[in-house]
Amino acid sequence: MNPELKGFLLLSVAKMLVVFVAVLIWVALLTLMERKVSAWIQNRLGPNRVGPGGLLQPAADGLKNLVKEETLPKVANPILFLLAPAMSFVPALLMSAIIPFAAPLPLDFDFSLPLLGRFVHAGSTPMVVADLPVGFLFVLAISSMGVYGIAIAGWSSNSKYSLLGGLRASAQMVSYEVALGLSVIPILLLAGNVSFSSVIADQQGGLWYVLPLFLAFFLFVVSGLAETNRLPFDMPEAESELIAGFHTEYSSMKFAMFFIAEYANVITVSAMTVTLFLGGWDIPFTAWDQQGGLLQTLATGSFFVVKVMFFVFLFMWIRWTLPRFRYDQLMSLGWKFLIEVATVYFVVIAIAIHLIGRVWGVTDPRAMGWWLFALNLVLCYIVFVLLDRGLVIEGSSPQRRPVPPSVTSEAMES
Amino acid sequence: MMVEIVFYVFAATAILSALMCITQRNPIASAFWLISTMLALAGIFVLLEAHFIAAVQVLVYAGAIMVLFLFVIMLLNLSGRVSDIRGRLSWVVATVIAVALTASLIGLRAYTPERLAQEVTGSLQITPDVAFQSGDLARAAAESRGVIGVFAEPLFGTYLVPFEITGLLLLTAIVGAVVLAKRRL
Amino acid sequence: MLQAYVPLLLVVAFVVFAAAGMLVMSHWLSSYRRTPTKLQAYESGMPVLSDARERFSVKFYLVAMLFIIFDIEVVFMFPWAVAFKQLPAQSGVLLVAMLVFLGVLTAGFIYAWKRGALEWS
């Protein structure tokens, strides 16, 4: 092996360890944060006994999960029952390996170790474990593998609740995957490449895509919520109907692995949203962050975490605020609303780019971004006010609904 | 050298998984071995620098088509303890098919890249540069234009009509799926 | 380009190892006190009467089949979007090509909708 390759491998291993330790700790803290946020929203205190402010609660939970009794229903299929948590866990954590989390770091080293030989590295290092040329296609592909863990968990348990939960979950996930795929196409229209680095670079040169592609951002967040099976799309669990859904029969660490996978997915979806629509690690209104350097890397990394945490909090906020969808409503939202809107939207954006950029001759990406933003305001009005009959904006207040005549007459008689 | 080793690892995984897929009695286990084959094939596509095809292999084959397989197996509750090959006639038919497939595989050995290039360019009048770019050329193109850009141009230039016909194929598939599922309703 | 996938292989190995480690650790550390009731599948405290695996509604197959078709459709749209950006001179042709493609598929979608393939009632 040549010294350059060894240097590359050494850096890769270092980045991998940093990212995975960070993600696992982050997941642990998210379980606490979820409970604290829910307590705050419901005017309770939340966990506050283990450690200062309940900070050690995740550690206690982790330890408890390790030593709890493992159950295996007699009717279950033992091998698949054991494999299912791993099949959820592996794709969920894999996805975090390809999202860039900070500005590239210029790093030069040249040293030798006994037995291992010489390590050489020169030039800037992208702050991502695996800088794949397929970019977010990889995330889409791997997230489609996440269906198997849930489907197999439900089926192998051989319990009615598990099977129903697993089945619903897999049908839901595949339905929203189409909408998720369609909602990233407008990004390709602007960026022209799937790799994360080019998407971020294009946003640094123009506007963050949340402005010119607001509707795509909205569709992406909604289908991302559905892909991670979070409320209001948590059909697979639906405690009030299905006990605990696909993991009814699971206990101990196997149960915890489903939880780690869920929170890792929450982080991934938030990080994807940030990277695709909010400039990734970019700090707005300054070009200082692109100069390269240790300070820049640290600052952009922290800024990235702040942005991701905003979406994580948003997802928790939504979870503890909105009620669950009915299953038929959920499926018709996916098939009859999101897919159509996403398809029409990307065609409209393509026509707009054609007219603005190639017929009118606007070439500056920033000007193009503002034109598209103006178009988005119109489209948002159409989607949220006209198509939705004002329900989202004004709320479905009871006064606005016509009262059925039978009800009023009965009320008057009594 | 490293690439060859990785190729043989993926190739061995693909073949072993395929063998496991057809020898397993439990249909769910078979389905999972098939997914393993698909993933190994995706790895081989990556080694061929066909990055987008590799992603699509995972997205469509391992992620979508196998979900349907799994649904059918899980929900029809196929226990599958009995082999499908029963009776002497079935064995004869199975052997004939196996021999024919093996023979065709051996026959494919005659197709060196050069012969394939010659036949393709001879019949369809495409320059060798388009049909079989050399590895370095393809790599340079992928670096400058992204993994999708390199084949987006021929797909929507030279092969625009086949692309539109694919739309018709998908239309047929939609109608077929709906008719199949809704026949009794 | 291939070098970018080397860390991915490392990551896969690491994550699979972590998953296996968690399963094994939990298997070693957990206590076992098995009772016949505990080994039953959970059914809200009622004794389990029948196997859970029954035949299910054809809707689920239909969703899976439609998913494959639309997934392939989306896969074709990725290179189209990239071509639209990278070949600005041909964007008019590309736009017409995609509108024709979408028109054909929309016909299929409307057919599926009218036949009630997207209803869940």
Inter-chain Cβ neighbour average for residues A:325-331, partner chain, 10 Å:
2
Quarter of Cα convex hull surface for the protein assembly as shown, i.e. mean projection, nm²
39.7 nm²
Theoretical FRET efficiency, 1/(1+(r/R0)^6), r = Cβ-Cβ of A:Ile25 and A:Ala287, R0 35 Å, to 0.05:
0.60
Pairs of alpha-carbon atoms within less than 8 angstrom and 6+ residues apart define the contacts here; what relative contact order does the stretch A:1-144 have, in percent?
28 percent
Full-extension gain between B:Leu47 and B:Leu160, please, as 0.36 nm times their residue separation minus the C-alpha to C-alpha distance.
37.9 nm
Here the FRET efficiency for A:Arg44 versus A:Leu314, based on Cβ atoms and R0 = 30 Å and rounded to 0.05, is 0.90
List every residue whose amide H lies under 5 Å from the amide H of A:Ala102, counting only residues 5 or more places away in sequence or on a different chain, with H placed 1.01 Å from N in the peptide plane.
A:Met127
Rounded to one decimal in nm, the spacing of the 7 Å Cα→Cβ label points at A:Ile79 and A:Ala14 is 4.3 nm
Obtain the nm distance between the two label points defined at B:Met1 and B:Leu105 by a simple spin-label model: each point lies 7 Å from its Cα along the Cα-to-C-beta direction.
3.0 nm
Given Cβ charges of +1 for Lys and Arg and -1 for Asp and Glu, the option among A:Leu5, A:Ser159, B:Leu168 whose Cα lies farthest towards the positive end of the dipole of the protein assembly as shown is A:Ser159
Per-residue Cβ counts within 10 Å, from other chains only, averaged over A:161-169: what number is that?
3
For chain C, evaluate the Debye formula with one uniform point scatterer on each Cα (no solvent term) and list log10 I(q)/I(0) at q = 0.13 Å⁻¹, rounded to two decimals.
-0.95
Which part of the stretch A:72-111 falls in the paramagnetic zone of A:Leu295, meaning amide N under 19 Å from the point 7 Å along Cα-to-beta-carbon?
A:102-108
In the protein assembly as shown, taking the dipole from +1 charges on Lys and Arg beta carbons and -1 charges on Asp and Glu beta carbons about the Cα centre, the listed residue (A:Ile142, B:Gly43, A:Ser251) farthest towards the positive end is A:Ser251
Helix-only [θ]222 nm of chain A, DSSP H runs n ≥ 4, -39500 (n - 2.57) each, per residue, nearest 500:
-20000 deg cm²/dmol
Average partner chain C-beta neighbours within 10 Å, per residue of A:66-75?
6
Label point 7 Å out from C:Val58 along Cα-to-Cβ: which residues of the stretch C:101-117 have amide N under 14 Å?
C:115-117
Quarter of the Cα convex hull surface for chain A, i.e. its orientation-mean projected area (nm²):
27.6 nm²
State the answer as a single residue: which of C:Ser57, A:Leu375, C:Gln3 lies farthest towards the positive end of the charge dipole of the protein assembly as shown, with beta carbon charges of +1 for Lys and Arg and -1 for Asp and Glu, about the Cα centre.
C:Ser57
Counting other Cβ atoms within 10 Å of each Cβ, which chymotrypsin sites (Phe, Trp or Tyr not before Pro) in the stretch B:3-52 have at most 15 and sit in a DSSP loop?
none
List the trypsin sites (Lys or Arg not before Pro) within the stretch C:53-88 that fall in a DSSP loop (any state other than H, G, I, E or B) and whose Cβ has at most 11 other Cβ atoms within 10 Å.
C:Arg55
Over the stretch B:1-79, what is the relative contact order in percent, taking alpha-carbon pairs closer than 8 angstrom and at least six residues apart?
29 percent
For the stretch C:53-121, state which GluC sites (Glu not before Pro) are in a DSSP loop and have at most 16 other beta carbons lying within 10 Å of their beta carbon.
C:Glu54, C:Glu119
Inter-part distance where the stretch C:63-121 and the stretch A:1-26 are each reduced to a Cα centre, Å
40 Å
Using the per-residue mean of other Cβ atoms lying within 10 Å as a proxy for protection, in what order, highest first, do the peptides B:148-160, A:91-103 fall?
A:91-103, B:148-160
Normalised by the residues of the stretch A:86-225, what does the relative contact order come to in percent, with Cα pairs under 8 Å and at least six apart?
22 percent
About its Cα centre, how strong a charge dipole does the protein assembly as shown have in debye, to the nearest 20, once Lys and Arg get +1 and Asp and Glu get -1 at the Cβ?
1780 debye
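Every read-out reported here was derived from the displayed coordinates using simple, explicitly stated rules and does not represent laboratory data. Being a predicted model, the structure only gives us computed values, none of them experimental. Cβ atoms come from the backbone with ideal geometry, glycine included; neighbour counts cover every protein chain shown.
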